[in-house]
Amino acid sequence: MRILVIGSGGREHAIIRKLLTSPTCEFVACAPGNDGIAQDTTCVDIFAHTDICNYCRREEIDLVIIGNEEPLVMGLADRLREENIAVFGPSEAAAQIEASKEFTKKLCDKYNIPTARYAVFDNREEARAYVKAQGVPIVIKADGIAAGKGVTVATREAEALTAIEHCFSGAFGQAGKRVIIEECLVGEEVSFFALCDGMSATPFASAHDHKRAYDNDLGPNTGGMGSFSPSPLVSSQMEETIMNTIIQPTIEGLNKELIRYVGVLFAGLMLTKDGPKLIEYNCRFGDPETQAILARYTGDLAKLLMSCAQGAIDREQLTFSSDAAVCVVMAASGYPGEYTKNTLIQNLGNAANVYGVSILHAGTSRAGDQWLSRGGRVLNVIATAGSVRQARYRAYESVDMIDWPDGFCRRDIAARALQLVG
Ligand code: AMP
Ligand code: GLY
């Protein structure tokens, strides 16, 4: 197979590393990729859907794997399918599951999928009155995609009212013109991934993400500062409950609405005392969850994702090692706010030689023989081992070898996993 991966972060680097070990994969390219990915394979600097289609025809690409949500929401998968190119990733209609919180909430209502109680507002006065009536804690969300920044979990009324003000005053652009106010779910948060082939969904893996910027879950929300997999909370029984109460009804509901879902369905769940409830869906793999998940994956990823794209998942490829995997994200100082750029990173080669460790690039650039930071989230250090404790140890051993004075990371990634496994 000749495969094109769309995206440019650590998630895409993880997918590409795995594809490069896949016996059925002959060639992998990444569009646009990054300088770290370019060390492993071809990167092509194209974004426009027409250019991507042309590239696929010219390079005889058999499968396109779309890593990030923007091209999915913009209909890239539909466009490629019109050209008879196999795609792992949902259509524009199916991607609404991530793009529109209102779409997903309505789907949950109609098909009895457990989620937080909610109300939708186009008017700030009504939104304010609702918050005052409901009390705190309460969750305020801008509808649509607001780069992960559109959510406020408010523990004080003033905080909730400020968040409403923010949305309606245009802080999130069009995404904020409609506001969803939700019941605050209490419990443990889990990322759950199911693979979908257009008809059915199959469980793939579970993980935990660390969303806050600083240790002990303090500081602002980020795209994710680290992850571990599997989740000690997702037993086979819990997996069955999640599939039966959340994932299957979603896929059946979408099918009834004449929407076929092909790709990964990523459920952000709260495991509450009343069972798992949906926080949100994403229409793509999680970043940095995927980096930890794929470190444990032992099947043929090219074959697996192609089988989904072709409409019949190849279950034989659903194999994982029993190891635990931990991923520590290294970010540029200042992230998720204004962050430093073009700062020197050294000793990556030695750090990558720690046993059981691999280093993926999320936002680096190469200048001569030097690595520089380019994005907010810059590097992912992933370690696997027989125990979470050992995997953590290895990951931080490698992190500590990286010489990057302008970078930072959380020191408590997967500490929660240790507490959970006891
Ligand atoms: P989202 O951008 O929708 O992923 O939300 C960001 C984070 O806010 C989630 O990962 C949760 O930690 C939290 N969150 C969102 N909705 C709720 C809710 N209804 N109850 C509790 N926490 C929530
Ligand atoms: N790690 C959360 C996400 O990918 O949205």
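The values are calculated or read from the model by the stated rules, or taken from the named source; none is laboratory data. Everything numeric here is computed off the predicted structure, so don't read it as measured data. Neighbour counts run over all protein chains shown; Cβ positions are idealised from the backbone, glycine included.
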**Report entry** Which listed residue, of GLU183, GLU102, is within 14 Å of ligand 1 (Cβ to nearest atom), closer than 27 Å to ARG260 by Cβ and of a type in the set (Asp, Glu)
**Finding:** GLU102
Report task. Identify the single condition in (1) polar (S, T, N, Q); (2) under 15 Å from CYS196 (Cα atoms); (3) under 13 Å from the mean Cα position of the chain (by Cα); (4) more than 15 Å from ligand 1 (Cβ to nearest atom) that ASN255 does not satisfy, given that it satisfies every other one. Result -> (3)
**Report entry** Subset tally (residues that are in a strand (DSSP E or B), among the polar types (S, T, N, Q) and surrounded by 17 or more Cβ atoms within 10 Å (Cβ to Cβ)) for segment 237-296
**Finding:** 1
Query raised in the report: Hey, among the residues in segment 176-206 that are within 30 Å of SER229 (Cβ to Cβ) and in contact with an Asp or Glu (Cβ under 7 Å, 6 or more places away or on another chain), which one's surrounded by the most Cβ atoms within 10 Å (Cβ to Cβ)?
Result: SER191
Report summary line: Selection over segment 48-64 where residues are without any contact (Cβ under 8 Å) to a residue 24 or more places away in the chain and surrounded by 13 or more Cβ atoms within 10 Å (Cβ to Cβ) yields a count of 2
Query - Some residue of segment 283-306 being more than 16 Å from HIS13 (Cα to Cα) and within 16 Å of ligand 2 (Cβ to nearest atom) - result: yes
Query raised in the report: Hey, among the residues in segment 30-47 that are buried (at least 21 other Cβ atoms within 10 Å of the Cβ) and of a type in the set (Gly, Ala, Ser), which one's nearest to GLN370 (Cα to Cα)?
Result: GLY36
Query raised in the report: Within segment 9-21, is even one residue touching a residue at least 60 places away in the same chain (Cβ under 8 Å) and over 30 Å from ARG366 (Cβ atoms)?
Result: no
Report task. Report yes if ALA309 is away from ligand 1 (no atom under 16 Å from the Cβ), closer than 30 Å to ASP400 by Cα and in contact with a strand residue (DSSP E or B) (Cβ under 9 Å, 6 or more places away or on another chain), otherwise no. Result -> no
**Report entry** Residue ranges of strands (runs of 3 or more DSSP E) in segment 304-385 with at least 2 members among the aliphatic types (A, V, I, L, M), within 24 Å of the chain's Cα centre (by Cα) and at pLDDT 95 or above
**Finding:** 324-332, 357-361, 377-385
Query raised in the report: Here are some residues: VAL87, VAL139. Which one is within 25 Å of GLY286 (Cβ to Cβ), away from ligand 1 (no atom under 16 Å from the Cβ), part of a strand (DSSP E or B) and not acidic (Asp, Glu)?
Result: VAL87
Query raised in the report: Do we have GLU183 as more than 16 Å from ligand 2 (Cβ to nearest atom), within 25 Å of TYR118 (Cα to Cα) and in contact (Cβ under 8 Å) with a residue 60 or more places away in the chain here?
Result: yes
Requested in this report: Give me a count of the residues in segment 302-328 that are more than 22 Å from VAL421 (Cβ to Cβ) and crowded, with 16+ Cβ neighbours inside 10 Å.
Outcome: 12
Requested in this report: With the checklist (1) outside any helix (DSSP H, G or I); (2) surrounded by fewer than 23 Cβ atoms within 10 Å (Cβ to Cβ); (3) touching a residue at least 24 places away in the same chain (Cβ under 8 Å) in hand, flag the one item VAL234 doesn't pass.
Outcome: (2)
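For every residue, the table says whether it meets (1) in contact with a Gly (Cβ under 7 Å, 6 or more places away or on another chain); (2) within 14 Å of VAL329 (Cα to Cα); (3) of a type in the set (A, V, I, L, M, F, W, C); (4) buried (at least 19 other Cβ atoms within 10 Å of the Cβ).
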site: HIS361; (1), (2), (3), (4): yes, yes, no, yes
site: THR364; (1), (2), (3), (4): yes, yes, no, yes
site: TRP371; (1), (2), (3), (4): no, no, yes, yes
site: VAL378; (1), (2), (3), (4): yes, yes, yes, yes
site: GLU397; (1), (2), (3), (4): no, yes, no, no
site: ASP400; (1), (2), (3), (4): no, yes, no, no
site: ARG410; (1), (2), (3), (4): yes, yes, no, yes
site: ILE413; (1), (2), (3), (4): yes, yes, yes, yes
site: ALA417; (1), (2), (3), (4): no, no, yes, yes
